[in-house]
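The values are calculated or read from the model by the stated rules, or taken from the named source; none is laboratory data. All figures in this text were calculated on a predicted structure; none of them were measured in a lab. Quick reminder, even Gly has a Cβ in these numbers, built from the backbone with ideal geometry, and neighbours come from all protein chains shown.
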Amino acid sequence: MVDEIRTSDGLRLAVREHGDASMPTVVAVHGYPDDQHVWDDVVADLAVDHHVVTYDVRGAGESEAPRRRDAYRVDRLAADLAAVIDAVSPDRPVHLLAHDWGSVQSWHLVTDPDFRDRLASYTSISGPCLDHIGRWFRTASARDRRRQARKSWYISFFRLPVVPVLAWRSGIFGAVLAGREKIARPTTRTAVNGLELYRANIGDRVRSPQRRVTQVPTQVLAPRDDAYVGPSLARSAETFADRLWVREVAGPHWLPRTRPDVVARAVRDIEAHVDGGGPEPARARKVVVVTGAGSGIGRETAKAFAARGAFVVGADVDLAAASDTAASTNGAAYELDVADAGAMEKFAADVAREHGVPDVVVNNAGIGMAGPFTATTEQEWRRIVDVNLWGVVHGCKAFVPMMQERGEGGSIVNVASAAAFLPHRSMSAYATTKAAVLALSQSLRAELAGDGIGVTALCPGFVHTNITATSRFAGQDPETERRSREAATEAYRRRNYTPDRVAAKLVRAVEKDLALAPVTAEAHVGLLVSRLAPGLLRAIARRGGAD
């Protein structure tokens, strides 16, 4: 076992090996102002079935520090990494994993054609190559450059003489960083020495980028809440690798600390692909699940997402209708009663196994009901609650945990109704379920924010779908109920707000990550009045409102 190596210029680097050396080797390179312990939780996960190697880069942790600034240049750092790889895995290529400045120096090695055969794969987190940065600044939009400049304020600060050293030595900077990012407080020695990374490297290479393309299979993990590397810069590697996958993940900059499970899984994903012919680490198409996809809003939502390149899994209690939707979207169809918790759990497991964890879940399935409260039977109450409320709860409970575990965020859309905030004297049961869906969505949105999962409550008004033709009218005999359905259908037909318009609003709500999305003019006006003059709505409801 190697516990140290000597660099070409005579420095001692502290190296640690974990796990069985006969297993595939992963070499992990830390960033600034960390040392190798930033990988501890990732190591605990990967070492079960990998040989994991970590080390302190020159000047950090227990490794020796050079005296000259130019000894921190990226080519020296890359040479150190090459020496570590040769020492710990002389006969087999390694899977390279790096974060922050560890990624910067790793890119330098990954793009070296003479070292190509020593690397099986590369996983980079929040650390673009210096060449990428230089090229990106020449091609990015002015808006993206401004955004990144705000994120990169610290680079100019770290290049100042004396002041950043005093900031680290005072302990203030380290305390603020640790508190903000929820990480261990950096050691003063490592932080002060590492300032030379910025002073030695941010300059000529960025101003005059080289065009070096790697043939090493590479994936970039781009944390959505990264305070230092924006999404546009994270994707700057796209023209510098023959095989590249960019995966946006939920979390902040220090992903190895906050989501070590996601990092470990990403390493296993790319390893399985390059070594065993497994699926690509990042799929090219989003997977969208839509319940109630056999008709109306559900069918048009499936079509709208498919038109944007998504693979749509449509579920409906009517399998034939779901199959028709699938045929029009080149998607998949499943038979599903959303009121059945066991059926929903099986459906979610089947989707994850056959198509992958979904990026978007639209809990759309629902039924209509009207009539006085006193005429609505307990059985009718149970049925509408089972479908309209429990169906949404079942969908969320089945899919949210797997989306959390995947760690790449996503979106949940729960279809409520304008009835959630518009009282009506003959819709107590229906409005109750939709108000509950709205409340659930708002609470769930707050709960899942840290996982990068957006939750939207969609609240349509009067939309011309077949829900009126299947709605129950409590307390009416069959003939009267038939006439009520026909009247309601005709009224909605005259309103003529079509499901495809709702679907377009739904897709936009997902893209904008809206918490609440009223649809139709009456929904927008009703929401505004419910907030500004709720008494007016109650008065209208007492007089009967509009049917």
Only one of these is within 30 Å of residue 533 (Cα to Cα) and crowded, with 21+ Cβ neighbours inside 10 Å: 419, 398. Name it.
-> 419
Can you name every residue in the stretch 1-26 that is under 21 Å from residue 75 (Cα atoms), of a type in the set (Asp, Glu) and without any contact (Cβ under 8 Å) to a residue 24 or more places away in the chain?
-> 4
Is it the case that the stretch 160-174 has a residue that's among the aliphatic types (A, V, I, L, M) and within 22 Å of the chain's Cα centre (by Cα)?
-> no
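Any residue at all in the stretch 457-476 that is among the aliphatic types (A, V, I, L, M) and modelled with pLDDT of 80 or more?
yes
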Looking only at the stretch 113-121, decide whether some residue is of a type in the set (A, V, I, L, M) and under 15 Å from residue 195 (Cα atoms).
-> no
With 58, 69, 76 as the choices, which residue is of a type in the set (D, E, K, R) and either closer than 26 Å to residue 215 by Cβ or not assigned by TED's automatic domain parsing to the domain that holds residue 221 (or both)?
-> 76
Return the only residue of 218, 214, 188 being closer than 29 Å to residue 261 by Cα and without any contact (Cβ under 8 Å) to a residue 40 or more places away in the chain.
-> 188
Can you tell me how many residues in the stretch 422-456 are under 19 Å from the mean Cα position of the chain (by Cα), buried (at least 20 other Cβ atoms within 10 Å of the Cβ) and modelled with pLDDT under 95?
-> 1
The lone exception for residue 236 - which of (1) under 30 Å from residue 454 (Cα atoms); (2) out of contact with any Cys (no Cβ under 9 Å at 6 or more places or on another chain); (3) not aliphatic (A, V, I, L, M) it fails | (2)
Run residue 153 past the list (1) buried (at least 19 other Cβ atoms within 10 Å of the Cβ); (2) more than 24 Å from residue 61 (Cβ to Cβ) and report the number of the one that doesn't hold.
-> (1)
In the stretch 316-331, what residues are touching a helix residue (DSSP H, G or I) at 6+ places or on another chain (Cβ under 6 Å) and under 21 Å from residue 399 (Cα atoms)?
-> 316
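Yes/no matrix, rows are residues, columns are (1) under 24 Å from residue 519 (Cα atoms); (2) in contact with a Pro (Cβ under 9 Å, 6 or more places away or on another chain); (3) buried (at least 18 other Cβ atoms within 10 Å of the Cβ); (4) assigned by TED's automatic domain parsing to the domain that holds residue 498:
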{"residue": "260", "(1), (2), (3), (4)": "no, no, yes, no"}
{"residue": "264", "(1), (2), (3), (4)": "no, no, yes, no"}
{"residue": "327", "(1), (2), (3), (4)": "no, no, no, yes"}
{"residue": "344", "(1), (2), (3), (4)": "no, no, yes, yes"}
{"residue": "362", "(1), (2), (3), (4)": "yes, no, yes, yes"}
